[in-house]
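J.: Can you read through this structure? Questions will come right after.
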Amino acid sequence: MKLHIEFLTLVIAITVVNANDWWMNGNFYQIYPRSFRDSDGDGIGDLNGVTEKLPYLKEVGFTAAWLSPIFKSPMADFGYDISDFYQVHPEYGTMQDFENMIKKAKEIGMKIILDFVPNHTSDENEWFKKSVDGDPKYKDYYIWHNGVVDPTTGERKPPSNWLSAFRYSAWEWNDVRQQYYLHQFAIKQPDLNYRNPAVVEEMKNVMRFWLAKGISGFRIDACPFLFEVDLDRNGLYADEPPVTSGCPDPDDYCHLQHIYTNNLPETMDMIYQWRELTESFKKENGSDTKILLTEAYTDFDIMIKYYGDGKRKGSYVPFNFDFMGNVNKDSKAVDVVQNVNKWLNAMPKGKDFYPNWVLGNHDSKRVASRFGVEKADLVNIMLQTLPGNAVTYNGEELAMTDVFIKWEDTVDPQACNANPTNFNSYSRDPARTPFQWDASPNAGFTEGTETWLPVSEDYKVKNVMMQERAPHSHLQIFKKLVRLRKEPSMQDISNLQIKAVPDNIVIYSRYTPGSSRYVIILNLGSTTQTININDHFPVGQKVEIITASISSDYSDGEVVDAARFSAKGNVGTVVVAVQ
Ligand code: NOJ
Ligand code: MG
């Protein structure tokens, strides 16, 4: 009988392994290439720097790295303004360097995902220049408009009140073409015209080009902005209504309800078309699965639609920005539990659908600064132990914090469009400073003397080398978590049981019969609370500490009484039932 059960478990285990594609329960790492590692001493990170550090990613245990844009760019928005979609940005290296990076990644078993920026190009892109000149092929590649002339004053004004996400009008006058063009981000980022089938095809070719180079997918930028409402399909762009409360500043993007510029049904169709493209690529080439991760800060229901609409599929990883927006340093246990369940309940079910958890990226203040350094491990523990895919922004594994950058030194276009008093709340520079590798000058980011953004002052005490050598560190905790994710109980995305113990304790279990029962305890408050784990999940008398926040009084491997578990404030702990 025992043998029989063991055999069955084996069969089930094998089936589970076979059913798992590489990206499922994946651990994704966002690299901001400009700040990751500079191989040639110019103070700017580059592809050879990424290649050099791939073994680090492997060692930590990531599945894949997604790189913020590496393409040729005048850097008005640090690579999100692309002047040539088919070339590597010279400061970052050459196509040969890119190919070497892919080769090395394949050798060590790391997937590479690139940023795909479909909504806009740089105004220095040949397509835009030709469009300005009225070249027949390119004249309708962008959204052009004569504007409206005031009948009494004769003054010409933009076609609508639409605003740029970076502040001020989304329309810019072009003297050569004698028309306005639409830019929903910086003036140097003209929006492509997705109502032109040639543009759709052009951008699909960009995808095919990089897929053929051996990447494993794309993170798709600014999805909600792809289409705008054109009421008569002939340039009738109506004004958007202002918000009814909050955001009185008429130049700020938040002042308008973006009913004509955001998340049109056509946008969703485009995402599904891109999914179909990646699936055809896989079929035609017998390749690995090429995945899509999508960036959409939008309403919850729409975010969920990015997965698919029941008939067609879309994104593999629609970034869970709902969680990111709703969970913060003041969250109570019930808030966390509600928000976890909200996503799990709403997302489509089926073997191709995985939840995802993300709290940091290059557009946000750093997690350790938002939640407080004392909660940095707790956040990593949560992201790594909830079911599904986890996404980590480079440096969050070390609990890197924001670096304050003075107004005079600020380079982020979004912050530069603000003013000396309020710029810091808009600035994305603080989370983009050089990665901290070791205690050598400039944190081992560069051998040069200058860096494009300042290195954090704490690099001598917060860096990879130190945290690798220390017996207990943010990085060591992170590595433990990554390894834990391989356990069958952590792989089963349908087994989460989660509860709030008011006000501050989140407790959840991951358990699959035949494997171990893991219980995760997060104390969001600042004071110690003693709990009986068995009041919540059956773990028996003793539990073993798998790992815990750096400030925990427990050590990894310690066996403790489940009935009197001391949940210290700001501490996250993973325990396993001792059989
Ligand atoms: C979202 C990107 O993450 C951000 O960095 C960029 O500024 C905008 N999209 C425009 O591309
Ligand atoms: Mg360099």
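J.: In Å, what Kirkwood hydrodynamic radius results for the chain from the alpha-carbon pair distances?
T.: So the Kirkwood estimate lands at 25.3 Å.
J.: What are the ³J(HN,Hα) couplings of the stretch 491-500, residue after residue, when phi is run through the Karplus curve with 6.51, -1.76, 1.60 and θ = phi - 60°? Round to Hz, x for glycine and proline.
T.: 8, 7, 7, 9, 9, 5, 10, 10, 9, 9
J.: If the cut-off is 17 Å between C-alpha atoms, which lysines fall inside it for Lys305, apart from same-chain ones fewer than 8 positions away?
T.: Result set, ordered by chain and number: Lys313, Lys342, Lys349, Lys351.
J.: Further question on the same structure: Could you work out how far the C-alpha centroid of the stretch 97-143 sits from that of the stretch 329-402, in angstrom?
T.: Comparing the Cα centres of the stretch 97-143 and the stretch 329-402, I get a distance of 30 Å.
J.: Treating only the Cβ atoms of Lys and Arg (+1) and Asp and Glu (-1) as charged, compute the dipole magnitude of the stretch 432-545 about its Cα centre; round to the nearest 20 debye.
T.: 420
J.: What list of ³J(HN,Hα) couplings, whole Hz, do you get for the stretch 389-403 from phi and the Karplus terms 6.51, -1.76, 1.60, once you set θ to phi - 60° and write x for glycine and proline?
T.: Coupling constants for the stretch 389-403: 8, 10, 10, 10, 7, 3, x, 5, 5, 9, 6, 4, 10, 4, 10 Hz.
J.: Tell me which of Pro265, Met75, Gly569 sits at the most positive position along the dipole axis of the chain, charges placed on C-beta atoms (Lys, Arg +1; Asp, Glu -1).
T.: My answer, from the dipole projection, is Gly569.
J.: Per residue, how big is the convex hull of the stretch 313-472 when only Cα atoms are used? Give it in Å³.
T.: On the way: hull volume 24.3 nm³, N = 160.
Value for the stretch 313-472: 152 Å³ per residue.
J.: Dipole magnitude of the stretch 248-357 about its Cα centre, charges +1 at Lys/Arg Cβ and -1 at Asp/Glu Cβ only, in debye to the nearest 20?
T.: Magnitude of the dipole: close to 700 debye.
J.: Next up: What ranking, highest mean first, results for peptides 47-54, 511-518 when packing means the other Cβ atoms within 10 Å averaged over each residue?
T.: On the way: 47-54: 21.6, 511-518: 18.1.
Descending packing order for the listed peptides: 47-54, 511-518.
J.: Oh, and also: Pop out the ³J(HN,Hα) list for the stretch 574-579 in order, Karplus 6.51 cos²θ - 1.76 cosθ + 1.60 with θ = phi - 60°, rounded to Hz; leave Gly and Pro as x.
T.: Working through the residues one at a time gives 10, 10, 10, 5, 8, 6 Hz.
J.: Given a Förster distance of 35 angstrom, what is the FRET efficiency for Phe281 paired with Ala238, based on the Cβ-Cβ distance and rounded to 0.05?
T.: 0.35
J.: Something else about it: Calculate the dipole size of the stretch 495-577 relative to its Cα centre from +1 charges on Lys and Arg beta carbons and -1 charges on Asp and Glu beta carbons; express the result in debye to the nearest 20.
T.: Its charge dipole is roughly 200 debye.
J.: Where the centre of each part is set by its Cα atoms, how far does the stretch 44-72 sit from the stretch 497-516, in angstrom?
T.: Cα centroid to Cα centroid, the span is 34 Å.
J.: Could you tell me which Cys residues in the chain have no other cysteine's Cβ under 4.7 Å from their own Cβ, answering none if every one has a partner?
T.: Those would be Cys223, Cys416, since no other cysteine Cβ in the chain comes under 4.7 Å of theirs.
J.: Return a whole-number percent for the relative contact order of the chain, with Cα pairs under 8 Å and 6 or more residues apart as the contact set.
T.: 12
Just so you know, all these numbers are worked out from the coordinates, no wet-lab data involved. None of these values were measured; they are calculated from a predicted model. A quick note on method: Cβ atoms are made from the backbone with ideal geometry, for glycine too, and the neighbour counts reach across all protein chains shown.
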